[in-house]
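Worksheet: one structure, shown below.
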Amino acid sequence: MEGLERYAVVSCHVERPLDDRVWSAFERFLRRRPAGFVVTPFLRPPDADFGEEEALWLERARRVAGLAPLGHHTHWGGPTQARPLDGDPAEHVRREAGWLRANGLEPRFFCGGGWYLDPGVAAVLADLGYVDCTATAFRQSYLAEDAARLSLPAPARLRLDDGRVLLELPATHSIGMLARSVVRALPPTAVHVHFHDWELADRRRTAAIESLLRALRVRRKPLSVDALADRAADAREVSWAEAAATLPA
């Protein structure tokens, strides 16, 4: 994993893929590859319980699958409820992945809504051969201290209780965090910046994101998420207990 501190990746949580205005802005952004970054789209599959149209979703997903490595983003409670409130979170992910594959889409990457990850979900991700991007290098202020999540400062191989290993590529910066870090100093590890598709519906916000990515490009070399996964294949191994216990105060 030598030299990862020289690189940066960018991903987008695509939570409103059926909103025409948001999708149009997102697809334009993806095609532009701002500052040379191949943005990884983590797409939230359509939710039939909320009447979301599958055919249009699939048309759009297939289009962007040809532009960048595809990611799977899960909301466990529909469009506006990211973290699970009930049911079986792991089975929800397995069901969505099965639907994606049945329709010819095979994302390699995953990110749980609201940064939710538990041992059952992690086991399903391992079954699916996913690379997980749900861990973060920071603690979200809106989450309770005991909220299910993982905290990792850098890419790592997460050892599950059954001995299997799940590669983690943690998010290190939101756009706001990147703005502060570019002015100050970036951490000595691979940078993984994330944002949301709905942010791009605001032209001023889009311009600000592009400006920050240009500033990031001066300090770090753009890398696609699949290239980062390949470079991190020999990352240090950590246990589930270690990663779940590294919650910043």
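The values are calculated or read from the model by the stated rules, or taken from the named source; none is laboratory data. Quick caveat: nothing in here was measured; it's all calculated off a predicted structure. A quick note on method: Cβ atoms are made from the backbone with ideal geometry, for glycine too, and the neighbour counts reach across all protein chains shown. Please note that ligands, DNA and RNA were not included when accessible areas were found on the heavy atoms of the full protein model with its side chains. Shrake-Rupley method; radii C 1.70, N 1.55, O 1.52, S 1.80 Å.
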Practice item. Could you identify the single residue in GLU15, GLU27, GLU2 that is modelled with pLDDT under 95 and charged (D, E, K, R)? Key: GLU2
Exercise for review: Those residues that are within 25 Å of VAL22 (Cα to Cα) and either open to solvent by 60 Å² or more (accessible area, probe 1.4 Å) or not in a helix (DSSP H, G or I) (or both), I need them from segment 212-222; list them, please.
Suggested key: ARG214, PRO222
Study note, to complete from the structure: When segment 89-118 is checked residue by residue, the ones that are under 14 Å from LEU158 (Cα atoms) and exposed (fewer than 14 other Cβ atoms within 10 Å of the Cβ) are none
Point to revise | Only one of ALA65, ALA61, ALA48 that is over 26 Å from THR136 (Cα atoms) and among the hydrophobic types (A, V, I, L, M, F, W, C) | key: ALA48
Point to revise | Every residue from segment 140-183 that is of a type outside the set (Ser, Thr, Tyr), closer than 18 Å to HIS196 by Cα and in contact with a strand residue (DSSP E or B) (Cβ under 7 Å, 6 or more places away or on another chain) | key: LEU169, PRO170, ALA171, HIS173, ILE175, LEU178
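Go through segment 148-173 and report how many residues are assigned to a loop (DSSP other than H, G, I, E, B) and touching a residue at least 24 places away in the same chain (Cβ under 8 Å).
Going through segment 148-173, the residues assigned to a loop (DSSP other than H, G, I, E, B) turn out to be 148-150, 152-155, 160-164, 169-170, 172.
Of the ones still in play, those that are also touching a residue at least 24 places away in the same chain (Cβ under 8 Å) are 148-150, 152-155, 160-162, 164, 169-170, 172.
Residues in segment 148-173 being assigned to a loop (DSSP other than H, G, I, E, B) and touching a residue at least 24 places away in the same chain (Cβ under 8 Å): 14 in total.
Can you report the number of residues in segment 199-211 which are open to solvent by less than 50 Å² (accessible area, probe 1.4 Å) and among the hydroxyl-bearing types (Ser, Thr, Tyr)? Before you say what the answer is, go through the steps one by one.
Going residue by residue through segment 199-211, those that are open to solvent by less than 50 Å² (accessible area, probe 1.4 Å) are 199-201, 206, 208-210.
If we keep only those that are among the hydroxyl-bearing types (Ser, Thr, Tyr) too, we end up with 206.
Number satisfying all stated conditions: 1.
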Check your understanding: On the given criteria, is ALA102 in contact with a strand residue (DSSP E or B) (Cβ under 6 Å, 6 or more places away or on another chain), aliphatic (A, V, I, L, M) and at pLDDT 95 or above?
Key -> no
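Going by what's in this entry, would ALA97 be described as more than 17 Å from PHE42 (Cα to Cα) and among the small types (Gly, Ala, Ser)?
no
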Check your understanding: Residues LEU143, LEU158, LEU169: which one is open to solvent by less than 20 Å² (accessible area, probe 1.4 Å) and at pLDDT below 95?
Key -> LEU143
Practice item. Of the conditions (1) touching a Ser or Thr at 6+ places or on another chain (Cβ under 7 Å); (2) surrounded by fewer than 18 Cβ atoms within 10 Å (Cβ to Cβ); (3) in contact (Cβ under 8 Å) with a residue 24 or more places away in the chain, ALA65 clears all except one; give me its number. Key: (1)
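Within segment 223-240, which residues are aliphatic (A, V, I, L, M) and part of a loop (DSSP other than H, G, I, E, B)? Don't jump to the end; show me each part of the working.
If we filter segment 223-240 for residues that are aliphatic (A, V, I, L, M), which is where we start, we get 223, 225, 227-229, 232-233, 235, 238.
Those that are aliphatic (A, V, I, L, M) and part of a loop (DSSP other than H, G, I, E, B): LEU223, ALA232, ALA233, ALA235.
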Check your understanding: When residues of segment 23-34 are filtered for being touching a residue at least 24 places away in the same chain (Cβ under 8 Å) and surrounded by 15 or more Cβ atoms within 10 Å (Cβ to Cβ), how many remain?
Key -> 7
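Here is a yes/no grid of residues against (1) out of contact with any Ser or Thr (no Cβ under 8 Å at 6 or more places or on another chain); (2) open to solvent by 60 Å² or more (accessible area, probe 1.4 Å):
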{"site": "GLY3", "(1), (2)": "yes, no"}
{"site": "SER11", "(1), (2)": "no, no"}
{"site": "PRO17", "(1), (2)": "yes, no"}
{"site": "ARG21", "(1), (2)": "yes, yes"}
{"site": "GLY36", "(1), (2)": "yes, no"}
{"site": "ALA48", "(1), (2)": "yes, yes"}
